[in-house]
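Okay, structure first, notes after.
Bear in mind these aren't lab numbers, they're just calculated from the coordinates by the rules spelled out. Since the model is a prediction, treat every value here as computed from it, not as a measurement. Here the Cβ positions follow ideal geometry from the backbone for every residue, glycine too, while neighbour counts run over all protein chains shown.
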Amino acid sequence: MKIIFYSIIIITCIFFQACNPVSKKMDVNSSSTPNLIISSQDRFLQMHQDTLFFHATKFSGTIFNTYPNGDTSMIGHYLNGLEEGAFKKWYPNHQLLEWRIFHLGKKVSKHLGFWEDGKPRFEFYFTQGEHDGEANEWYANGQAYKAFHYSMGFENGSQKMWWDNGVIRANYVVKQGKRYGLIGLKLCMTPKDSLDNTIK
C-alpha cells in the first residue's frame, strides 16, 4: 500500500511541475497586452506610419474620444501598435456612426456606417485590408448610391450607381478586368464620405 501511496504522490508532483511552465507562459503572454484605456488626445500617444506608440512603446489597449459634454464619440482597440478588433464612432445624439473591424492593422469582415438619423450609409466587406464582396452605399435620403462588387480590392461582377433622385448613373459588369456597359465615369456629384472620397 505504501508503494502505491508514494507512487501517486510522485505522479502528482510530476503532473504539476509539467503544468506550471505552461501557466507561467500564459501569464507572460497576457501581461504583454495590458488593458490600458487612454484618451486619443493623450500627448504620449504618437502615430508613426501605421503604428501607434505610447511612451515610445507599441501601444496595446483601448483608446477613446469624447464630445465636450463627456459623451463617447469614439472607441478602438490596439495590439502591439496596430488596430485590433472593433472600432466604433457615435454622433452627438448617440446614434452609431461607424462600426469597423480590424486584425493586425488591416480592415476585415463587415463594416457599417450610418447617417445621423440612423439610416444606412455604407456596408462594406474586407479581407486583409481589401474590399472583398459587396460594397453598398446610400444617400442621406435613403436612395441607393452604389452597389458594387469586389474581389480582393478589384471590381468584379455587377457594378451600379444612382443619382440621389434614383436615376441610374452607371450600370456595368466587370469580367477579367474589363468593363462592359454604361460606365458613367464622369463624377459630377459625389456624396460626402463615399468610396469616391474618404470612406474606404
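Observations, loosely collected:
- Net charge, residue 103 excluded, C-beta distance under 14 Å - Lys, Arg +1, Asp, Glu -1: -1
- Cross-link partners of residue 110 among aspartates and glutamates, defined as those whose alpha carbon lies under 20 angstrom from its own and excluding same-chain residues fewer than eight positions apart: 83, 84, 98, 123, 130, 132, 134, 137, 155, 193, 196.
- In terms of distances greater than 28 angstrom between alpha carbons, the cross-link table entries 146/178; 146/175; 89/178; 58/89; 88/175 yield 89/178; 88/175.
- The listed peptides 59-67, 44-52, ordered by packing as a protection proxy, come out as 59-67, 44-52 (highest mean of other Cβ atoms within 10 Å first).
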